[in-house]
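Any read-out appearing in this document is the output of simple, stated calculations on the displayed coordinates, not a laboratory observation. Since this is a predicted model, take the numbers as computed values, not measurements. Because the Cβ atoms are built from the backbone with ideal geometry, glycine has one as well, and the counts that use them run over all protein chains shown.
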Amino acid sequence: MNNGPSLRRETRYGMPAADQILFNRHYVLGYSYYFRQAKWALEIVDPDTTGLERADNFRPDYRIPQMFRADKADYVHSGYDRGHLVASANQIETEIQNSETFLLSNMSPQQPQFNRRHWRNLETEVRRLNDFEHILETYVICGPIFYFDQPVDFIGAEDDNGVTLPIPNAYFKSILTEDKRGNLHMWSFILPNEDLGQPFTYYQVPTSKVEQYAGVELWDRLVGSEIMEEKDSLRTMW
């Protein structure tokens, strides 16, 4: 099977650059060697669910060179969760589809309450959006953000595999929907990696702000003044 980006449905509206592009069966991921974790993960939310249980088979991604690759040991006793970028519950039609989301390349160190409450709440709300009758497809890209004017902590022991993982200061998520009439709309968020004091809606930002803080160009195959206005605006929540 040809996994070229131009042939992948997920990349129809664009795909940012990264040190290594990992083409999985149901999502695409851009990996950062510098940060030892994904720079972004891009998916189409799968509307088909079969009631499968989570695979929970966390494992290293051996496609990544060892010097840049995370291992399960890096998270042990760290106090941080292995936070999914592509949500397990978004890809649950088949066992292999769900299993792919447990590759450690799809994980990032998340504060437990952030991962289990706030990040999960946003994931759930995106699936609710995707279930609306008028929505044809829902594209989601997300990833870590590091603020270079703020301290960055690390997890991972040098005597395990030589890799230490920087803990992101925040995470972004940008949602692009296409409805059955061909209309495109987007919503974007930047959420601090902490137990938040506000609902996730409080952290909605223009997509252009995500691009500036995350250092990625989002939905770059979309051109025109209307798209630029969409990127610079705050669209009312669905």
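When the Cα convex hull of the chain is projected onto planes of every orientation, the mean area is 13.0 nm². Mean sequence separation of contacting Cα pairs (under 8 Å, at least six apart), scaled by the length of the chain, corresponds to a relative contact order of 20 percent.
When DSSP beta bridges are restricted to pairs lying wholly in the chain, around 100% turn out antiparallel. Taken about its Cα centre, region 1-84 carries a charge dipole of about 260 debye when Lys and Arg each add +1 at the Cβ and Asp and Glu each add -1 at the Cβ. Each of M67 and I21 was given a label point 7 Å from its Cα along the Cα-to-Cβ line. The distance between the two points is 2.4 nm. Among 97-104, 19-26, sorting by the average number of other beta carbon atoms lying within 10 angstrom of each residue, highest first, gives 97-104, 19-26.
In terms of its C-alpha gyration tensor, region 1-109 has an oblate overall shape, because the principal axis ratio a/c (a ≥ b ≥ c, square roots of the eigenvalues) is not below 1.5 and a/b does not outweigh b/c. Taking the charge dipole of the chain about its Cα centre, with +1 at Lys and Arg Cβ atoms and -1 at Asp and Glu Cβ atoms, the residue from F172, T94, A41 reaching farthest to the positive side is T94. Here the dipole of region 5-232 is about 180 debye; that uses its Cα centre as origin and unit charges on the Cβ of Lys and Arg (positive) and Asp and Glu (negative). Taking 0.36 nm per residue of separation and subtracting the Cα-Cα distance, full extension of the segment from E53 to Q212 would add 53.5 nm.
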